[in-house]
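A.B. asks: Attaching a single structure in structure tokens format; questions to follow.
The values are calculated or read from the model by the stated rules, or taken from the named source; none is laboratory data. Everything quoted here is computed from the prediction, not taken from an experiment. FYI the Cβ positions are ideal-geometry reconstructions off the backbone, even for glycines, and counts take in every protein chain you see.
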Amino acid sequence: MPTIRVSSSSGPYSVHCGPAALRRFAPLIGRLGEPTGTFVLSSPTVWRHWGRALAKIIPGANRPILFDDSESAKRLATVEGIARDLVRAGADRRATIVAVGGGVVGDVAGFTAAVYLRGVCLIHIPTTVVAQVDSAIGGKTGVDLPEGKNLVGAFYPPRLVIADPAFLHTLPHRQFRSGLYEVIKYGVIADRGLFDYLERHRDAIVRRDPAALARIIPRSIEIKARVVGADERESGLRQILNFGHTLGHALETATHYRHFLHGEAIGWGTIFATLLAVAQRKLGDRDALRILGLVSGMGRLPAIGKIGVTALEPILRSDKKARGGRIHWVLPRRIGKTEWGLEVPWPVVARTFELLPIIARRFTFTD
């Protein structure tokens, strides 16, 4: 079973991924010391599928704190409600919070762990593709504001991550497919071999073939671990992980977090960043067509609809990665190699966004 070490300013932690990884929960948490209590944070949806099994493995899982895991509920009010539940349940500074769920659960539970009593032990058990390959690793936690995504948060690394592929087999197809756009991201920014594998084995991946998942999930985690280990606070290299996210986050904000799943918005962001790279003459046509083809091959994306570039501009300029209102883009030079911190003239950005519906029709990105 792959075990991947992640460096952080709070000390290294391990990501255990592979079949039956969850069965190792007891010995793994035992290495972290004896907590005064274990408090499971999850969502009603996850708990319907996995509550009974988890209650046999995780102490305290028979009394979980459940909250809405939709992006629209990723708010400070949700954190306050969870914190009050923890107080009433008797959680003290030696408590351990176990986040069981997808990206929203991990972000909210992680931020709660960071601020509750000024920080308690955090363990992630991610249950979606997005969470297993991306959001559960690296220590980013946070919630959204109406003005933008993840604008309130903290860097707070977990002590342990357990990523078991068994969770992925109960995901709805749309949720599963949404996470694959994050995997494509890793191929584009850092690993041409991973990208090649995704192209060759696309059908097996989409049908959740265990051998295919055993290849792409640990490899994605390895890339994320290497990047965040080198740049935990996003002062340099870690910015490449934002490939596809600048426009993706703006689309989520513009639609009030109700139209796109996170990965779907990143799918559109990947298309857009690829076109922007071509427009800036940074990416050759052949690699651009391969990227667009792979995104298209993963299935249909929700249509962008009537979102206008005028509405997007203030959202993009208030993105947490912007500097002084200047938008910084992550653009590919070739598959496996990316540049970050790039400024692109606004007329080029606007024109490229206007071209998205035309490109979408050509590559059948949408219905």
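A.B. asks: Residues being within 30 Å of residue 352 (Cβ to Cβ) and assigned to a helix (DSSP H, G or I): count how many of those fall in region 220-255.
C.D. replies: Residues in region 220-255 being within 30 Å of residue 352 (Cβ to Cβ) and assigned to a helix (DSSP H, G or I): 21 in total.
A.B. asks: Against the conditions (1) at pLDDT 95 or above; (2) of a type in the set (A, V, I, L, M, F, W, C); (3) surrounded by fewer than 24 Cβ atoms within 10 Å (Cβ to Cβ), where does residue 145 fall short? Just the number, please.
C.D. replies: Going through (1) at pLDDT 95 or above; (2) of a type in the set (A, V, I, L, M, F, W, C); (3) surrounded by fewer than 24 Cβ atoms within 10 Å (Cβ to Cβ) one by one, residue 145 breaks only (1).
A.B. asks: Considering 31, 94, 24, 5, which residue is exposed (fewer than 14 other Cβ atoms within 10 Å of the Cβ) and at pLDDT below 95?
C.D. replies: Unique residue meeting the criteria: 31.
A.B. asks: Same structure, new question: Within region 40-58, can you find the residues that are over 27 Å from residue 228 (Cα atoms) and not small (Gly, Ala, Ser)?
C.D. replies: Answer for region 40-58, where residues must be over 27 Å from residue 228 (Cα atoms) and not small (Gly, Ala, Ser): 44, 45, 46, 47, 48, 49, 50, 52, 54, 56, 57, 58.
A.B. asks: A further question on this structure: Out of all the residues in region 261-290, which are touching a strand residue (DSSP E or B) at 6+ places or on another chain (Cβ under 7 Å) and buried (at least 23 other Cβ atoms within 10 Å of the Cβ)?
C.D. replies: Within region 261-290, 273, 274, 276, 277, 283 qualify.
A.B. asks: Check whether at least one residue in region 294-303 is in contact with a Lys or Arg (Cβ under 7 Å, 6 or more places away or on another chain), over 29 Å from residue 236 (Cβ atoms), outside any helix (DSSP H, G or I) and not acidic (Asp, Glu), and report yes or no.
C.D. replies: Within region 294-303 (the criterion being in contact with a Lys or Arg (Cβ under 7 Å, 6 or more places away or on another chain), over 29 Å from residue 236 (Cβ atoms), outside any helix (DSSP H, G or I) and not acidic (Asp, Glu)), the answer is yes, since at least one residue qualifies.
A.B. asks: Can you name the helices (runs of 4 or more DSSP H) wholly within region 1-108 that have at least 2 residues being aliphatic (A, V, I, L, M) and under 22 Å from the mean Cα position of the chain (by Cα)?
C.D. replies: 76-89
A.B. asks: Another question about this same structure. Kindly indicate the residue of region 319-367 that is of a type outside the set (A, V, I, L, M, F, W, C) and assigned to a helix (DSSP H, G or I) and also nearest to residue 289 (Cα to Cα) among those meeting that condition.
C.D. replies: Per the criteria, the residue is 362.
A.B. asks: Among the residues of region 28-60, which ones are hydroxyl-bearing (Ser, Thr, Tyr) and under 15 Å from residue 99 (Cβ atoms)?
C.D. replies: Correct list: 38, 42, 43, 45.
A.B. asks: With the structure loaded, tell me whether residue 72 is modelled with pLDDT under 95, in contact with a strand residue (DSSP E or B) (Cβ under 9 Å, 6 or more places away or on another chain), at negative phi and among the hydroxyl-bearing types (Ser, Thr, Tyr) or whether it fails that test.
C.D. replies: Taking the combined requirement at face value, the residue satisfies it.
A.B. asks: Quick one: in region 308-351, of everything that is of a type in the set (Val, Ile, Thr) and farther than 21 Å from residue 184 by Cα, which residue is surrounded by the fewest Cβ atoms within 10 Å (Cβ to Cβ)?
C.D. replies: 310
A.B. asks: Can you confirm whether region 189-200 contains a residue that is on the phi > 0 side of the Ramachandran plot and in contact (Cβ under 8 Å) with a residue 24 or more places away in the chain? Walk me through how you get there before you give the answer.
C.D. replies: Of the residues in region 189-200, the ones on the phi > 0 side of the Ramachandran plot are none.
No, every residue in region 189-200 fails to be on the phi > 0 side of the Ramachandran plot and in contact (Cβ under 8 Å) with a residue 24 or more places away in the chain.
A.B. asks: Another question, if that's okay. Given the conditions (1) of a type in the set (Ser, Thr, Tyr); (2) closer than 22 Å to residue 26 by Cβ; (3) surrounded by fewer than 22 Cβ atoms within 10 Å (Cβ to Cβ), which single one is not true for residue 70?
C.D. replies: (2)
A.B. asks: Another one. Does at least one position in region 118-136 carry a residue that is in a strand (DSSP E or B), of a type in the set (A, V, I, L, M, F, W, C) and surrounded by fewer than 23 Cβ atoms within 10 Å (Cβ to Cβ)?
C.D. replies: Yes, that holds for at least one residue.
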